[in-house]
Amino acid sequence: MSILITNIKQLLQVHDHNVTIVKGTDMKHLSVLENAYLYIEHDTIIEYGKMEDYHPIDAEKTVDATGKIVLPSWCDSHTHLVYAGDRTSEYVDRINGLSYEEIAARGGGILNSAKELQNTSEEDIYDQSIARLDEIIRMGTGAVEIKTGYGLSVEAELKMLKVIKRIKQDTLAYITPTLLAAHAIPQKYRKNKEKYIEQITQELIPKANALNISHFIDVFCEEGYFDIDDLEIILKAGKANNFRPKIHVNQFNNLGGVAIGVKHNALSVDHLELLSDKDIKALKGSSTMPVALPGCSFFLGIPYTPARKLIDAGLPLAIASDYNPGSAPSGNMNFIVGAACAKLKLTPEEAINAATINGAYAMGISNMYGSVTRGKKANFIITKPMNHYREIPYSFAHNPVEQIIINGTLLE
Ligand SMILES: N=CN[C@@H](CCC(=O)O)C(=O)O
Ligand SMILES: [Zn+2]
């Protein structure tokens, strides 16, 4: 199938050379072609340019994008969208005054979702999860990371990986599976965390490696969960089994996980609601992407990641949804881009860079996704008519998406 899009008001994130990351002051720049066309064949970007230079192309399908913006689909590099049930009763508990940590301390939170997942069939988990994925695809997400982490046993974690594998085979979106090997300590290991970590390193990680579904490993490094010694042990076992870290750090407390992540060549360090100068120093010169999750801060009422500090230090930044039942039950990246501008004080250009090319980098796929570059994958958002791309974050919580092209397929 070949598709030609003509009369595009603004074509965003256009790069003739294959840019794979944008850092520091460069994030303020978004390359835009005004009054443009774009031509794709199958799943690949073939050509683009200004309408004034356009010579007729014989495409199977032509889309007139007069008054509309076209941009690369959102690259959401941090989600937990495979889960069972919901946590609406804990949501009400929080409204009534309990904190996320208090709910977790009485056996709720991640343990609650784990119980639900263990009691739900693979088929049912698949159905619930693919429905969530289809919804976010319609909202403009074209590539998405999905973590395990609600299994909390070898068997249930592997069950989650298999569900993610099936989703990856069945969807047009690009899926990056991550083994969230250490998300919480199950009740029965409360007094014997070492035993649980041993199970993770000796059994879960090698078995997950043998399945060859995921190449990334995650740990929730936090007080009451896994400390930096645990992190070190688990990342080492991961490395020995071909997993690269993408980790949860500095959400409620700063335990020093950023430096450990960087030391182990993490692809990303995510959350960072608390951030020290030491963390910034550790990130400088590394190939680790800091990732902010403003949907989680919004929903839990915790501090927002000091994103300006990161970008103003010359670092890159990605933003992601953190879609999960406890701290961010939404995968709407349009909202995340709006929240990044309103709350993290990113400019629209920085936010769009953070949600496209840098999001792709944080999944290890920015050589193929996240920009309009010849040879890259054909994943685009075609917006509703608007005056300027700045309206995407400005009209926060609106849906700017009219049509999408995902893996070369037009969905209307
Ligand atoms: N903080 C750890 N993990 C998730 C929340 C998981 C849950 O509450 O179910 C997060 O990124 O916020
Ligand atoms: Zn998360």
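Side notes on the structure shown:
- Cross-link partners of Lys23 among lysines (Cα-Cα below 21 Å; sequence separation of 8 or more within a chain): Lys246, Lys263, Lys278, Lys281, Lys284, Lys309, Lys343, Lys345, Lys376
- Annotation: extensible slack from Lys384 through Arg106 equals 95.5 nm (criterion: 0.36 nm per residue apart, minus Cα-Cα distance).
- The mean sequence separation of alpha-carbon pairs under 8 Å and at least six residues apart, normalised by the residue count of the chain, gives a relative contact order of 23 percent.
- Helices in the chain, meaning DSSP H runs of at least 4 residues, each add -39500 (n - 2.57). Divided by all residues, the mean residue ellipticity at 222 nm is -9500 deg cm²/dmol.
- The Glu41 and Asp86 beta-carbon pair, evaluated with R₀ = 30 Å, returns a calculated FRET efficiency of approximately 0.10.
- For peptides 313-325, 182-194, 68-80, sequence by mean Cβ density within 10 Å, most packed first: 68-80, 313-325, 182-194
- Distance between modelled label sites at Asp277 and Glu402, nm, 7 Å Cα→Cβ extension: 5.1 nm
- Extension gain, Glu52 back to Asn192 (0.36 nm per residue minus Cα-Cα distance, nm): 43.5 nm
- The residues neighbouring Ala240, those whose beta-carbon lies less than 14 Å from its own, together hold a net charge of +2 under the Lys/Arg +1, Asp/Glu -1 convention.
- Between Lys345 and Asn367, the simple spin-label model (points 7 angstrom out along Cα→Cβ) gives 3.7 nm.
- Inter-label distance, Asn96 to Thr66: 5.7 nm, where each label sits 7 Å from its Cα along the C-beta direction.
- Net length available on complete extension from Asn265 to Glu223 is 12.8 nm, with 0.36 nm assigned per residue and the Cα-Cα distance removed.
- Quarter the surface of the alpha carbon convex hull of the chain and you get the mean projected area, 18.5 square nanometres.
- Sequence-distant lysines (8 or more away, or on other chains) whose Cα lies within less than 22 Å of Lys384: Lys9, Lys50, Lys61, Lys68
All of the numbers you see were taken from the coordinates with simple rules; none came from a lab. Quantities reported herein were computed from a predicted structural model and do not represent experimental measurements. Every residue, glycine as well, gets a Cβ built from its backbone with ideal geometry; the counts of neighbours run over all protein chains shown.
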